[in-house]
Amino acid sequence: MDFAALTGALLAASLFAHRWRSRRAMVWLSIFSLGYFGFYRLGCVCPIGAIQNVSRAVFDPSFALPWAVLGFFILPLLFALFFGRVFCGGVCPLGAMQDLVMLKSARAPRWLEIALGSLRHVYLGLAVLFAALGARYVICEFDPFVGFFRMNARFPIWIWSIGVVALSMVVGRPYCRFLCPYGVLLGWFSRFAAKRVTITPEDCVVCHLCVDSCPFGAIRRGGAEEAGEAAR
Ligand code: SF4
């Protein structure tokens, strides 16, 4: 059931992004994803946490990796290969939660965004290392959203979670852009995407309004103006 829901949501996100080009449809899909994968399924299984199960299985042959977890890990990456980061656009409950609480996004200097963005790679490396050693699942332990989904977390994690959600109100998707380890993998795969989101290239008058107004800093002057590019 969960895998069917994930497949359906990814197909819908691909349709909304590439065929319909509808932000409104994507927002409704985000709300569904947050409700189903977040609050109903309590944030588990999720592709982000699945990094750890897959890492452990690679380094520990005795570890039994459930098919559902493997499927959740692989499917969004496969879609990224064909359609770009549609998982982030409308399917990930973590991304949806950040989007839905955002009031107005402050812009940080480019150098700061690049420096903070490198944290994701460090976090990915640490998560793989700890999981491979069978020591800890740090992605799950420090997930700032799962406490809200389950209404249950340790006190320090509540502080961290409230801090991240508060930050998400004034900075567009901070967890995605500066911490998410799965976003790193999606970024790698989406570089080879067969279809890429462009900003109405036939109508573009190069006014750069989209560059100035994108809350995620995802559109750059003179660059490939692709949604999600900055999160790579
Ligand atoms: S970057 Fe990570 S947290 Fe953000 S939407 Fe993508 S997978 Fe979800």
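Conditions (1) in contact with a His (Cβ under 9 Å, 6 or more places away or on another chain); (2) crowded, with 20+ Cβ neighbours inside 10 Å; (3) within 17 Å of A131 (Cβ to Cβ); (4) at pLDDT below 95, marked per residue:
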| residue | (1), (2), (3), (4) |
| --- | --- |
| S33 | no, yes, no, no |
| Y36 | no, no, no, no |
| S55 | no, yes, yes, no |
| P66 | no, no, yes, yes |
| F73 | no, yes, yes, no |
> Taking the condition within 17 Å of the chain's Cα centre (by Cα), in a helix (DSSP H, G or I), over 20 Å from D2 (Cα atoms) and at pLDDT 95 or above, does L81 pass?
Replying inline: yes
>> Just to confirm my filter: which helices (runs of 4 or more DSSP H) fall fully inside the range 131-214 and include at least 3 residues that are within 16 Å of the ligand (Cβ to nearest atom), under 30 Å from A57 (Cβ atoms) and not hydroxyl-bearing (S, T, Y)?
In response: 138-141, 146-150, 174-178, 181-190
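Listed here are the residues, each with its yes/no results for (1) away from the ligand (no atom under 15 Å from the Cβ); (2) in contact (Cβ under 8 Å) with a residue 60 or more places away in the chain.
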residue	(1), (2)
C44	no, yes
P61	yes, no
F73	no, no
F79	no, yes
Q98	no, yes
M102	no, yes
>> Among the residues of the range 110-120, are any in a helix (DSSP H, G or I), open to solvent by 10 Å² or more (accessible area, probe 1.4 Å) and modelled with pLDDT of 95 or more?
In response: yes
> Out of P109, P93, which single residue is farther than 23 Å from D60 by Cβ and within 15 Å of the ligand (Cβ to nearest atom)?
Replying inline: P93
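The values are calculated or read from the model by the stated rules, or taken from the named source; none is laboratory data. Computed from a predicted model, the values in this text were never measured in an experiment. Cβ atoms come from the backbone with ideal geometry, glycine included; neighbour counts cover every protein chain shown. The protein model used for the area step is the full one, side chains on, heavy atoms only, and it has no ligands, DNA or RNA in it. Shrake-Rupley method; radii C 1.70, N 1.55, O 1.52, S 1.80 Å.
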